[in-house]
Amino acid sequence: MIGPIYDRDVDVQISLDGRGDLAATIYRQLRDAVLDGRLRPGEQLPPTRELSRQLDVSRNTVAAAYDRLVAEGFLIGQVGSGTFVCTEALARTASRHAPSGPGLAARRLWAAIPAQPPIRPVTPDYNFRVGIPDGQLFPLEAWRRLISQELRPAVIASSEYREPGGHPSLRAAIARYIGVSRAVHAGSEDVLVTQGAQQAVDLIGRVLIDPGSRVAVEEPGYPPVRKLLRSLGARTHGVPVDAEGLVVSAIPRGVRLVYVTPSHQFPLGTPMSLGRRAALLAWADRHRAVIIEDDYDSEFRFSDRPLEPLQSLDRTGRVIYVGSFSKTLLPMLRLGFLVAPASLQPALYSAKQLSDWHGDPITQGALARFIDDGLLARHIRKATKAYAARRERIVAGVGERLGDWLEVVPAAAGMHVCARLRPEATVEVGLALGYARAAGAIVHDLADFCAESPGQQGVVLGFGAIQLDRIGAGLDWLAKGFRAASSRSPTPQPGVPTVERG
């Protein structure tokens, strides 16, 4: 017999096999539920009459278990109110039951992939973390209205699973949007909606990567994608990036898939030149290889005309275009997409269905309206104006306060600025950032984006999460950190949190 205990969020199962001391069995299972936190202090248990009915045992059996728990301090009975978990903190906390033996083992490759540390909310005084948009700019009221419109009774009444490719209206809206704003050639049938850009890359990898496949990534580049590709069994090879983008001539032999960020290289910020784009496409055609083009934040453009994406220059169906709404809207929405050649679409749709079947149709429907009503374009114009002012202040501030050590890498788009360590500077960047962090200024070390050793030296400063009036003081603390590190002051606090680009 199995009976649940329900009270607000409580759901504890009691299993009885009809043999032995049933009161002792109920006692042990309730005690374990209290000790491991499934039953929390102050929560009410069902009356003995109700639980005995659910378990099909006598009321006296349940009462005996309750009485023992009360006597031992796990429960407390209140006349006229019921029986409750003791509100005292249960200082006698017991460890969870752990099975004996060596336990289960993950595949060997996971031992070589560093674990992602827990993501905890951080509220530093000067937040220069990359990949975080300004939530205060998000049009919350408009978004709330669109979500409410999607939560119609007719929509809720339909309990069927949805199309793996995504909400039809959103696929059509994305195709129109990227066609106008980024010159991407796509119809609605070419668009597959994903849970962020990370899932898009995961689906591509599932479809194209065999164990041992050789994959090229940018160096420096985006660490989560490197880890993701390796988790799929790929052998990743870092390819250097210069002022024109990925050095095509340095791609190793045997590579059949290349991941690049040509519109705004992550993390350096430089765009891939037209000549280098043509060379990469020619290389892919010669080697029958695939290019993943991640266009993660090029909507925010501050000068110069954008170069055409690789996807629009591709004439042989070698490019899969990946985009994200994590920067233009909010990372928590988990909305991204990919545009793939027709030959890969059936496999990608099957991979999406097997991965999570489909995303949230309510959020996807709201985003379709958000795009079609012109609200996304309006929001991007507003955000670009705010980000342009922050970017200008950071570039000027680095020159004024940190020019002895750092030189800004030219870039015309995105949500972060990269500054390399000058060749003549001898300061240890990690030490300088430790001092700045101790003062509440979070800045990324460029070396954290490098897989090769030694990594490039410099800093990466995001400006989505820091307000304009905080930038100057934050850079002052960063400059103090570089001065302190130059004089080799005492050891600072540990460095910057893990990169989250979205």
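All of the numbers you see were taken from the coordinates with simple rules; none came from a lab. Here the structure is a predicted model, which is why all the values come from computation and not from measurement. A quick note on method: Cβ atoms are made from the backbone with ideal geometry, for glycine too, and the neighbour counts reach across all protein chains shown.
Worth a mention:
- Degrees separating the helix 196-208 axis from the principal Cα axis of the chain, which is the longest one: 80 degrees
- Exposure rule at most 15 other beta-carbon atoms within 10 Å, DSSP loop GluC sites (Glu not before Pro): the chain longest free segment: 161-423
- Peptides ranked, highest mean first, by Cβ atoms within 10 Å: ranges 251-257, 31-37: 31-37, 251-257
- Computed from the Cβ-Cβ distance with R0 of 56 Å, the FRET efficiency linking HIS185 to THR426 stands at 0.65.
- ASP125 paired with ASP67, simple spin-label distance in nm, labels 7 Å along Cα-to-beta-carbon: 6.3 nm
- Hits among lysines - C-alpha to C-alpha of LYS352 under 21 Å, sequence gap 8 or more where chains match: LYS227
- Per-pair calculated FRET efficiency, R0 = 35 Å: ASP356 and ASP32 via Cβ, rounded to 0.05: 0.60
- The mean sequence separation of alpha-carbon pairs under 8 Å and at least six residues apart, normalised by the residue count of the chain, gives a relative contact order of 17 percent.
- The range 369-402 and the range 269-320 have Cα centres spaced 23 Å apart.
- Across the range 328-433, Cα-Cα distances exceeding 22 Å account for 58% of all pairs.
- The coefficient of translational diffusion for the range 138-377, derived via Stokes-Einstein from the alpha carbon Kirkwood radius under 20 °C and 1.002 mPa s, stands at 117 µm²/s.
- Loop-located trypsin sites (Lys or Arg not before Pro) across the range 121-169 with a Cβ neighbour count of 15 or fewer within 10 Å are ARG162, with loop assigned by DSSP.
- At an R0 of 25 angstrom, the distance between the Cβ atoms of LEU137 and ARG483 translates into a FRET efficiency of 0.15.
- Top positive-direction residue, dipole computed over the range 138-377 with Cβ charges, set VAL193, PHE138, ILE204: ILE204
- The computed Rg/Rh (Cα atoms, Kirkwood Rh) for the structure shown corresponds, within (1) 1.06; (2) 0.95; (3) 1.12, to (1).
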